[in-house]
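Please read the structure below before turning to the comments.
Every read-out reported here was derived from the displayed coordinates using simple, explicitly stated rules and does not represent laboratory data. All values reported here derive from a predicted model rather than from experimental measurement. Cβ sites come from the backbone with ideal geometry, for glycine too, and all protein chains shown count toward neighbours.
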Amino acid sequence: MKNTKYAVGVVLGMLAGAVQAQSVDVPAAEALLKKSGCMKCHSVSAEKEGPAFKKTAAKYKGQADAAAKLQTHLMSGPTIKVDGKEERHDIIKSKDDREIKNAVAYILSR
Ligand code: HEC
């Protein structure tokens with residue numbers, strides 16, 4: 001029975017981790033997206049040059065690899081069309097994996 005306390009601690013730790021993975025730090029995500037210039041072309045609910053985040057969230061709803069896809073999109077700068085011209089998509093201004101994942105989770109939860 002000596003290990004019971006330890007086991008409960010591990011399970012609680014895992015639960016806390018799972019909850020944390022889902023919750024989004026909204027102010028941090030908004031600050032990073034603003035700093036990265038994303039809001040010039042995107043908004044949460046209005047179509048601008050780029051699709052509204054709500055639309056992207058709907059497009060990827062239920063897709064298990066959505067976050068990975070968007071993270072790649074935001075880190076690799078794929079070629080996109082803006083006003084009929086080919087351009088490279090902006091790259092997010094962060095090298096911190098947690099910060100980027102948080103911004104992606106923010107977009108996918110709009
Ligand atoms: C110059 C305008 C412009 C800027 C700046 C820009 N985007 Fe985009 N973005 C677009 C356009 C246009 C598309 C649509 C591309 C397509 O459908 O091929 C797009 C697509 C996207 C998508 C959807 C990708 C998908 O797979 O459906 C996301 C998410 C996104 N941008 C996020 C961002 C973030 C985050 C930033 C800041 C780092 C950013 N964008 C900066 C124009 C822009």
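Summary table below
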{"read-out": "Label-to-label distance, nm, for residues given as Ile91 and Arg110 (7 Å Cα→Cβ offset)", "value": "2.3"}
{"read-out": "Cα-based shape type of the range 47-87, given that a ≥ b ≥ c are square roots of the gyration tensor eigenvalues and the cut on a/c is 1.5", "value": "oblate"}
{"read-out": "Reachable aspartates and glutamates, given that their alpha-carbon falls under 20 Å from the alpha-carbon of Lys101 and they are not under 8 places away in the same chain", "value": "Asp25, Glu30, Asp65, Asp90"}
{"read-out": "Loop-located trypsin sites (Lys or Arg not before Pro) in the range 21-60, at most 15 other Cβ atoms within 10 Å (DSSP)", "value": "Lys48"}
{"read-out": "Gain upon complete extension [Val44, Val82; 0.36 nm per residue less C-alpha separation]", "value": "11.8 nm"}
